[in-house]
Amino acid sequence: MTGEIFFFVLPDLNYGGAQKTFCNIINQISKKHENNKLYLIAINKSLKVHNLDKRIKIVNLNSSRTIFSFYKLVQLILKIKPNYVFSTTIHINLLCIFTKILTFKNNTKFIIRESNPSFYRNDIGIFIKSLAKLFYNFSDHIICLSEFSKKNILDHIKINENKISTIYNPVNIIEIIKLSNEKNNINFSDKQMNLIFVGRLSAQKNIKYLIEIIKNLNLPNIKLRIIGNGNCHKNISDTIIKYKLRNIVEIIDFKKNPYIYIKKSDLFLLSSKWEGFGHVIAESLVLDTPVISINTKGIAKIFYKCKYFNKFNSSSIEKVSDYIKEKLVFYKSHKPIIDKSFLNEISTEVITQKYIDLIKKIK
């Protein structure tokens, strides 16, 4: 795998799970295979750039909408003639597939990555889902982040199962621990039971439901910190005020390094309606903070190997609250040291090698 050209196409270069994953993988490929040319293509205007190897060329198409970038992407592919085009998220995947079809780029392999179970999501319209059903088969390969996402595709698209691989997100254990130990002036009270959520403030994350659970916990000295930003910020803030929980629930703006907060917390709560993989679960377990997932679909099976990952399914807020209360009281008095050996299966090096093996397979 030398002297080849790779495009990695992202919606933007802001801080997110897909961006973090592609940047980790592209850095590893660059270091291991120096003779290759790697391009990171951002569709929308981006101001934030992850730490990238200096050999990686960043191309910003500066398009306000995905559809407006089509002509620019076509020109770029025709000019540079990449051997491989990797894309992620359903809209960018469709954009790249249309590029393949309309440019007859049969020598270029187009590999799409499903960062979420697209057909399960209720925030993606029927039209986009219909396009995916019609055109996903034109890709050369599909990478899914979890077993649930793979099944979700097979249930909705007539496609050869050999054309789909499940490759988990990479987790940089050393980097997470290093960042969590950075000097800081963040003080958590030992007398408090500290709960935490980190992620986008979006409908997917179902944070209003999480606040309703907190309202029903009936425990003294509890504190929930919600770290992130998004279009549901006001709605969440209004819910906190409505339930008179301003002394208990705190919204903290997005942090580039949330690991300091996660490490100091007693329990991580995940209330998402769905996840493509559950990256934040791995990050929390790396830092010896147990996780409770509430009614979340799409979590990768690897996390079930850890007894400190707890999945609780119930429509009853009272039952969920009782379960969290029991676990929180226990973990507060028995701070665990979690066996992280199972996470070696999803180290950056291991996952990058899976991508390289896939590239060799579909030449």
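So is residue 51 part of a loop (DSSP other than H, G, I, E, B) and out of contact with any Pro (no Cβ under 8 Å at 6 or more places or on another chain) or not? Judged against the criteria, residue 51 is a match. Looking only at the stretch 95-127, how many residues end up being part of a helix (DSSP H, G or I) and basic (Lys, Arg)? Matching residues across the stretch 95-127 total 1. A search for C-beta distances below 8 Å between a residue of the stretch 227-253 that is over 16 Å from residue 209 (Cα atoms) and any residue that is among the basic types (Lys, Arg) and part of a strand (DSSP E or B), counting only pairs 6+ apart in sequence or on different chains, returns 252/225.
Being modelled with pLDDT of 95 or more and more than 30 Å from residue 334 (Cβ to Cβ) is a property that does not hold for residue 98. Residue 130 meets all of the listed conditions (1) assigned to a loop (DSSP other than H, G, I, E, B); (2) hydroxyl-bearing (Ser, Thr, Tyr); (3) free of Cβ contacts under 8 Å to residues at least 40 places away in the same chain but one, namely (1). When 92, 77 are checked against the criterion of being assigned to a helix (DSSP H, G or I), in contact with a Phe, Trp or Tyr (Cβ under 9 Å, 6 or more places away or on another chain) and modelled with pLDDT under 95, a single residue qualifies: 77. The residue that is nearest to residue 103 (Cα to Cα), counting only those in the stretch 21-74 that are at pLDDT 80 or above and among the basic types (Lys, Arg), is 72. Assessment of the stretch 90-104 against the conditions (more than 26 Å from residue 205 (Cβ to Cβ) and in contact with a Lys or Arg (Cβ under 6 Å, 6 or more places away or on another chain)) yields no matching residue.
Scan the stretch 253-278 for residues that are at pLDDT below 95 and touching a Pro at 6+ places or on another chain (Cβ under 9 Å) and report the count. Residues that pass the stated criteria total 3.
Here the condition is being assigned to a strand (DSSP E or B), aromatic (Phe, Trp, Tyr) and either surrounded by 24 or more Cβ atoms within 10 Å (Cβ to Cβ) or in the same structural domain as residue 189 (by TED's automatic domain parsing) (or both); of 254, 268, it holds for 268 alone.
The values are calculated or read from the model by the stated rules, or taken from the named source; none is laboratory data. Because the structure is predicted, anything quoted here is derived from the model rather than measured. As a convention, Cβ positions derive from the backbone with ideal geometry for all residues, glycine included, and neighbour counts pool all protein chains shown.
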